[in-house]
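Visitor: Provided herewith is a single structure, encoded as structure tokens, for subsequent inquiry.
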Amino acid sequence: MKLAVVVQRYGAEINGGAELHARYIAERLARHADVEVLTTCARDYVTWRNEYQPGAESVNGLTVRRFPVSQPRSPREFGRLSELVFTRRHSLRDELQWLSAEGPTSPALVEHLRLHGHDYDYCLFFSYRYYHAYHGIRTVGRRALLVPTAERDPALGLAIFGPTFRGVRAIFYNSFEERALIQEISGNQAVPGVVVGVGSQIPPQASARRFRNETGIRRRFALYVGRIDENKGCAELFSHFQRYAAGGGRLELVLTGAPIMPVPDHPRIHSLGFVPDQKKYDALSAADLLIMPSQYESLSMVTLEAWAMGLPVLVNGRCEVLHGQALRSNAGLYYASYEEFAETMRLLESNRRLRTGLGANGRRYFRQHYAWPVIEQKYLEMLQQLQRDGEPAVGGAIEPLPGWFGRRRRLPAAQEVLARATRGPVMSDGTRRAAAGAG
Amino acid sequence: MSEFSVQSEGIDVERIMEQVRARIRANRDEDASNAQVREQADAKAAQLLNPGGARSSHAARPPQEKAPPAPSPAESFEFDQDTIYRSSRGAVGGLLYGIRKLLSPLLKFFFNIQPVAHALSVQTRINARQAAFDDRVGRLFDMSSSRLEAREEIDKLNHRVMNDLVAEMTRLSVEMKNHRMVVESVAARLDFFERQARAKESGAEARTRLPAADAAGAAEGQTDGAEPTRRRRRRGRRRSGRTTAATEAAAEATGGEAAEAAESSAPPEAAAADAVAPPETTAPDSTTPPEPTAPESAAKPRDDDSAAAPAEAAGETATAREDAQPEPAQPSGAPEPER
């Protein structure tokens with residue numbers, strides 16, 4: 001079987017969530033199939049500037065074909081169009097302009113798929129919202145498989161993506177919440193889908209002592225791993241933590257990740273900046289718990305890594321994916337207000353048995369659902385099922401774009417569409433629970 | 001956090017979060033009850049401070065506005081009969097005074113100016129006296145109002161202190177009620193523990209009496225064998241291996257009768273162990289020539305000490321068997337046969 005993994009950026013040094021996810025999956029599937037990666041020459045996800053050389057190269061033993069980006073992103077134009085399509089009534093034409101402005105606009109990649117798409121049995125596209133996925137899926141048609149990496153973000157409410165979700169052969173979701181949300185908005189229940197996610201390789205030699213010796217942090221602490229950014233919920237985390245510390249909380253807060261926003265000058269908040277993987281795992285082994293304050297997560301690999309290492313997590317309950325993960329795994333607590341944050345922190349800091357129990361549940365949950373053999377098996381089973389089923393008799397092609405008038409018809413704002421979608425975590429049996437803070 | 005009972009193997013995050021939310025609600029209720037205590041205290045303090053409504057209103061009265069400044073005393077000047085003709089305009093005034101004085105007979109022709117001048121002159125004196133009085137009253141008013149302000153400050157302070165005292169008293173009375181309930185609960189538990197302790201003591205006494213009775217029973221058991229059978233079974237469970245070894249040793253040492261007797265007294269698991277024992281440890285046939293017979297005590301039920309000794313002897317016997325197989329071993333607890 002020959003597979004193409006199509007992703008917006010690719011490289012051993014790229015740590016973005018979806019891109020890392022794509023690399024892990026490509027490298028794992030390469031053990032079972034002939035895998036080729038198709039990507040752009042961009043390295044920076046803000047500008048999409050061409051930084052890699054176009055052409056083929058090998059990354060960790062995989063052939064990677066890079067195609068140039070025709071124009072870098074104009075932040076001003078992209079911002080203007082985002083404001084238009086997300087918050088106001090607009091047309092399909094506006095949405096297509098927004099897609100081109102978002103990038104990475106690489107017609108050469110799409111042309112390659114048009115010319116050579118039939119050489120691959122399947123093309124596995126990552127991240128539904130980018131140019132390469134939208135146009136690539138329309139180009140290869142029923143060979144397209146999709147890993148949407150979608151979250152509750154206004155882009156999901158854009159009308160252009162409905163045919164994408166309905167037109168691919170199969171979808172590999174990251175979570176039950178993501179599947180429920182996409183199915184509700186696009187009505188693609190007929191498309192085969194499986195909730196997979198991604199695994200992680202935990203080094204066996206993580207050392208808490210090494211971390212404490214290197215950093216000099218001797219006291220017990222809660223850990224945050226990731227970009228220190230307001231969009232990741234860090235502002236709220238700082239505010240909550242300072243109140244919690246002033247109220248007698250005993251834990252300290254350690255941050256690892258590049259700071260995009262200022263970190264408060266507080267004696268119990270330690271920002272270590274970007275750290276290599278080994279140090280990250282050392283920190284995870286030394287921490288009492290991991291905090292994941294982001295409200296917009298489609299999976300959160302670091303949460304899974306924490307569980308793999310037997311660490312309990314405290315997540316933002318307003319992120320329904322994390323809320324659902326915590327409920328399904330019984331391995332983490334969640335908060336939707338300061339009171340809940342303080343209470344859960346105090347509970348976790350004072351109850352070792354609870355921490356141990358949650359950690360044990362997390363390790364078990366990771367082993368059952370996110371260990372690499374499980375992930376590989378889910379991908380392979382889906383691919384084998386698609387091969388067995390062959391080309392479906394009905395709905396063989398993706399819906400065509402509307403005509404001149406159709407593209408100019410007024411559409412509701414994407415935020416309105418998204419706001420109508422049901423909220424709340426989804427359990428394994430498909431039942432939905434109340435969203436955090438709703439009751 | 002002790003109220004969170006967490007079983008590590010049965011963690012239910014939803015239940016824990018319910019507990020967390022319940023705790024938050026309880027904290028809010030506690031805050032609300034504090035506010036209620038405060039309200040009650042305020043009401044009590046109001047009753048204390050305002051029996052007839054006068055003092056409270058006094059305490060709650062906003063600070064008085066400053067009294068308006070006393071009017072300046074009327075300008076005092078000499079009033080005589082010519083005052084009404086004078087002018088303040090310098091040289092022109094002199095001319096005017098001359099003209100008015102010249103025409104004054106004409107004025108007198110119309111009305112009598114004398115009483116008016118007299119009244120005005122008296123009024124001037126009255127004004128001067130009133131001004132002095134007003135000045136004095138003003139000073140007294142300032143003095144008393146400053147005293148009143150100070151008094152009001154003290155009243156406010158008293159009011160606050162009384163309020164706090166009453167609030168603390170109310171809180172203490174609530175806490176005292178709670179403590180009384182806790183004391184009752186502890187007393188009940190103490191009572192229970194005392195009863196439990198007494199029961200255990202009586203049990204312990206019964207147990208201490210039992211060995212004596214057992215000893216007596218054992219002595220009797222040598223004759224009737226009823227009580228020792230029960231004790232043998234209990235001992236057998238604890239020391240089944242030893243008993244089996246003892247049985248085997250006895251079998252080797254004394255022959256089939258002794259072994260059978262010992263096996264009959266051994267617990268079932270010991271018997272089962274015997275059943276799978278190798279043939280060389282089984283009792284010899286009854287037709288075997290008579291070996292030196294073991295004394296009766298080897299086949300009889302033994303007390304703890306006497307049971308342990310043959311068991312140890314059995315170990316020694318096994319060793320001896322390996323070293324010198326033909327030699328029949330002697331249980332150390334058994335008297336040596338006559339040589």
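Visitor: Do you know the relative contact order of chain A, to the nearest whole percent, from alpha carbon pairs under 8 angstrom that are 6+ apart?
Guide: Taking the mean separation of contacting Cα pairs over the length of chain A, I get 16 percent.
Visitor: Say R0 is 51 Å: what FRET efficiency, to the nearest 0.05, do B:E39 and A:R408 get from their beta-carbon distance?
Guide: Once the sixth-power term is evaluated, E becomes 0.20.
Visitor: On to the next question. Would you work out the relative contact order for the stretch A:58-183, in percent, from Cα pairs under 8 angstrom that are 6 or more residues apart? Don't jump to the answer; show the numbers that get you there.
Guide: Details: 163 pairs, mean separation 27.1, N = 126.
Value for the stretch A:58-183: 22 percent.
Visitor: Given the options A:E36, A:E13, A:E297, state which has the largest fluctuation in a GNM of chain A using a 10 Å cut-off (strictly under) for Cα springs.
Guide: So, out of A:E36, A:E13, A:E297, the one fluctuating most is A:E13.
Visitor: Another question about this same structure. If amide hydrogens are placed 1.01 Å from N in the peptide plane, which non-local residues have theirs closer than 5 Å to the one on A:S91?
Guide: The list, which skips near neighbours in sequence, is A:L411.
Visitor: Which length gain, in nm to one decimal place, applies between B:K177 and B:L107 when the Cα-Cα distance is subtracted from 0.36 nm times their residue separation?
Guide: 15.5 nm
Visitor: Hey, another quick one. State, to one decimal in nm, how far the label point of B:E168 lies from the label point of B:D191, with both points 7 Å from Cα in the Cβ direction.
Guide: Inter-label distance under the simple model: 3.6 nm.
Visitor: Also, I was wondering about something else. Kirkwood hydrodynamic radius for the stretch A:13-138: how many Å is it when counted over pairs of different Cα atoms?
Guide: About 15.6 Å, per the Kirkwood formula over Cα pairs.
Visitor: Also, I was wondering about something else. Please list the non-local residues whose amide H lies under 5 Å from the amide H of A:L290, H modeled 1.01 Å from N, same-chain partners needing a gap of 5 or more.
Guide: For A:L290, the qualifying residues are A:L223, A:V313, A:L314.
Visitor: What is the stretch A:208-369's relative contact order, in percent, from Cα pairs under 8 angstrom and six or more apart in sequence?
Guide: 22 percent.
Visitor: Let me ask another. Run the numbers on the stretch A:323-350: which residues show a drop of 30 Å² or more in accessible area, chain on its own versus all protein chains together, using a 1.4 Å probe over heavy atoms?
Guide: SASA drop of 30 Å² or more in the stretch A:323-350: A:L327, A:N330, A:L333, A:Y334, A:E339, A:E340, A:E343, A:L347.
Visitor: Using a 1.4 angstrom probe on heavy atoms only, work out the carbon and sulfur share of the accessible area of the stretch A:208-369 in %.
Guide: After summing per-atom areas, the C and S share lands at 45 percent.
Visitor: For the stretch B:88-98, take each phi angle, set θ = phi - 60°, evaluate the Karplus expression 6.51 cos²θ - 1.76 cosθ + 1.60, and give the result in whole Hz per residue in order, putting x for glycine and proline.
Guide: With the stated coefficients, the stretch B:88-98 comes to 9, 9, x, 5, 5, x, x, 4, 4, 4, x Hz.
Visitor: Between A:P373, A:P262, A:P104, where does the largest GNM mean-square fluctuation fall for chain A, given springs only between Cα atoms within less than 10 Å?
Guide: Between A:P373, A:P262, A:P104, it is A:P262 that shows the largest mean-square fluctuation.
Visitor: Something else now. How big is the Cα convex hull of the stretch A:208-369 in projection, averaged over all directions, in nm²?
Guide: If I average the Cα hull's projected area over directions, I get 8.4 nm².
Visitor: 5 Å is the cut-off here: which amide hydrogens, built 1.01 Å from N in the peptide plane, fall below it relative to A:V35, excluding neighbours closer than 5 in sequence?
Guide: A:L3
Visitor: Now for a different question. Could you go through the stretch A:257-269 in sequence order and give the Karplus-derived ³J(HN,Hα) for each residue, using 6.51 cos²θ - 1.76 cosθ + 1.60 with θ = phi - 60°, rounded to whole Hz, and x for Gly and Pro?
Guide: Per-residue couplings from phi come out as x, 5, x, 9, 10, x, 8, x, 7, 10, x, 10, 10 Hz.
Visitor: How long is the gain from A:S337 to A:I202 if the chain were fully straight, where each residue apart is worth 0.36 nm and the alpha carbon distance is subtracted?
Guide: That works out to 45.4 nm of additional length.
Visitor: Taking R0 as 56 Å, what FRET efficiency do you get between A:R227 and B:A32 from their Cβ-Cβ distance, rounded to the nearest 0.05?
Guide: On the way: r = 41 Å, r/R0 = 0.74.
Plugging the Cβ-Cβ distance into 1/(1 + (r/R0)^6) gives 0.85.
Visitor: Rounded to the nearest 100 Å², what is the buried accessible area between A and B, both sides summed, probe 1.4 Å?
Guide: Counting both chains, the buried surface is close to 1700 Å².
Visitor: At 7 Å along the Cα-to-beta-carbon direction for both B:R15 and A:S82, put a label point, then send me their distance in nm to one decimal.
Guide: 4.4
Visitor: How much area per residue is accessible in the stretch A:208-369 when the probe is 1.4 Å and only protein heavy atoms are counted (Å²)?
Guide: Value returned for the stretch A:208-369: 36 Å² of accessible area per residue.
Visitor: Turning to a different aspect of this structure: Rg (Å, one decimal) plus Dmax (Å, integer) for the alpha carbons of chain A?
Guide: Rg then Dmax for chain A, in Å: 21.9, 67.
Visitor: Determine the calculated [θ] at 222 nm for chain A from helices alone, applying -39500 (n - 2.57) to every DSSP H run no shorter than 4 residues and normalising by the residue count; nearest 500 deg cm²/dmol.
Guide: -12500 deg cm²/dmol
Visitor: Moving to a separate point now. Which net charge results for the neighbourhood of A:T422, defined as the other residues with beta-carbon distances under 14 angstrom from its beta-carbon, given Lys and Arg at +1 and Asp and Glu at -1?
Guide: That sum, taken over residues with Cβ under 14 Å, equals +2.
The values are calculated or read from the model by the stated rules, or taken from the named source; none is laboratory data. Please read all numbers here as calculations on a predicted model, not as lab measurements. Positions of Cβ are backbone-derived with ideal geometry, glycine not excepted, and every protein chain shown enters the neighbour counts. What goes into the accessible areas is simple: the full protein's heavy atoms, side chains included, and nothing from ligands, DNA or RNA. Shrake-Rupley method; radii C 1.70, N 1.55, O 1.52, S 1.80 Å.
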